[in-house]
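Have a look at the structure below before the remarks.
Nothing in this text is a laboratory measurement; each read-out follows from the coordinates by a stated rule. Bear in mind the structure is a predicted one, so any value in this text is a computation, not a measurement. As a convention, Cβ positions derive from the backbone with ideal geometry for all residues, glycine included, and neighbour counts pool all protein chains shown.
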Amino acid sequence: MEKFKNSVGLIFLVILLLTFIIGGYFAMKYFTTHTPEVKKDASKSEKVVDLRIDKKKDYIYYENEDEVLESEEISFLDAVINIKGLEDVNKLLKSEEDALRKTIKYSKDVELPEGTTENEAGIYSLEYRDYKDYTYSKYLSLVITDYSYNLVNGSIPTHFVSYVVNTETGEQITGDNLLTMFNTNMDAIKSKINQRLQDTQTLNSDINITETMNNLGTFALYIDKVGKLEVSFIVKTNETSYNDSVVVSE
């Protein structure tokens, strides 16, 4: 009887050992032939979108600069928005700058007012523009201010235009789009401008608020370098005009 029990125990022991051996074999085979699924970090797997036409240059760059009047910091130069899909915009900017280069009038060809002192380049008048660009996250803004210069009145801003572009999609963002993005409207913007004029008038009593508000036909909406919606506009004074800007989003 005792011998029978020992035999049964031995059999169970053998079966148990075989179970471990066979089970271990199949487990090892499974893990060596099946690669566990690893969830990828979405932020690392996202492909970076680069829509630049020239990958060696920034999203906006300037070229063909000609210094015209150093004392007034006036130059002609071409602005290039280096994003695919905006080739027609660049052609327009180039043609507009080319037209400005042809506006120079020289003092020798004009009857100067008495007492007028000529500048170092002998230029009496010209039209030119100033460029400023801002980058915030995926948004690029190019703000253009057109000026009229002459020896008597100096530089006076005459017109604004802005180009706001999503650098990831190449989409141009219109003024209406900007108003929607920042949940505002033109009445709110005019209110901000009016408040800015009143605050500034305490320091410059020559500011004509009424005339300025009545002549808001030209202004530029854009996203500034900290992601705020900003507007540039022309301020009328009793003597001349100048450009100013104010943040219109919170």
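Each row is one residue, and each column tells you yes or no for (1) closer than 30 Å to residue 121 by Cβ; (2) among the aliphatic types (A, V, I, L, M); (3) not in a loop (DSSP other than H, G, I, E, B).
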position	(1), (2), (3)
140	no, yes, yes
144	yes, yes, yes
148	yes, no, yes
152	yes, yes, no
159	yes, no, yes
164	no, yes, yes
183	no, no, no
189	no, yes, yes
192	no, no, yes
Of all residues in segment 137-157 being in contact (Cβ under 8 Å) with a residue 24 or more places away in the chain and small (Gly, Ala, Ser), the one that is surrounded by the most Cβ atoms within 10 Å (Cβ to Cβ)
141
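To keep it simple, each residue is scored yes or no on (1) of a type in the set (Val, Ile, Thr); (2) in a loop (DSSP other than H, G, I, E, B); (3) touching a residue at least 12 places away in the same chain (Cβ under 8 Å); (4) more than 28 Å from residue 165 (Cβ to Cβ).
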residue: 199; (1), (2), (3), (4): no, no, no, yes
residue: 205; (1), (2), (3), (4): no, yes, no, yes
residue: 210; (1), (2), (3), (4): yes, no, no, yes
residue: 217; (1), (2), (3), (4): no, yes, no, no
residue: 232; (1), (2), (3), (4): no, no, yes, no
residue: 244; (1), (2), (3), (4): no, no, yes, no
Which numbered condition residue 124 fails, given (1) in a strand (DSSP E or B); (2) within 24 Å of residue 62 (Cα to Cα)
(2)
I'm checking my understanding of the structure. Among residues of segment 230-244 that are in contact with a helix residue (DSSP H, G or I) (Cβ under 9 Å, 6 or more places away or on another chain) and under 12 Å from residue 190 (Cα atoms), which one is surrounded by the fewest Cβ atoms within 10 Å (Cβ to Cβ)?
233
Within segment 43-93, residues surrounded by 12 or more Cβ atoms within 10 Å (Cβ to Cβ) and at positive phi come out as 64, 85
In segment 189-229, the residues that are of a type in the set (A, V, I, L, M, F, W, C) and either touching a Cys at 6+ places or on another chain (Cβ under 8 Å) or surrounded by fewer than 14 Cβ atoms within 10 Å (Cβ to Cβ) (or both):
203, 226
Among residues belonging to segment 97-136 that are of a type in the set (Asp, Glu) and over 20 Å from residue 72 (Cβ atoms), point out the one that is surrounded by the most Cβ atoms within 10 Å (Cβ to Cβ).
133
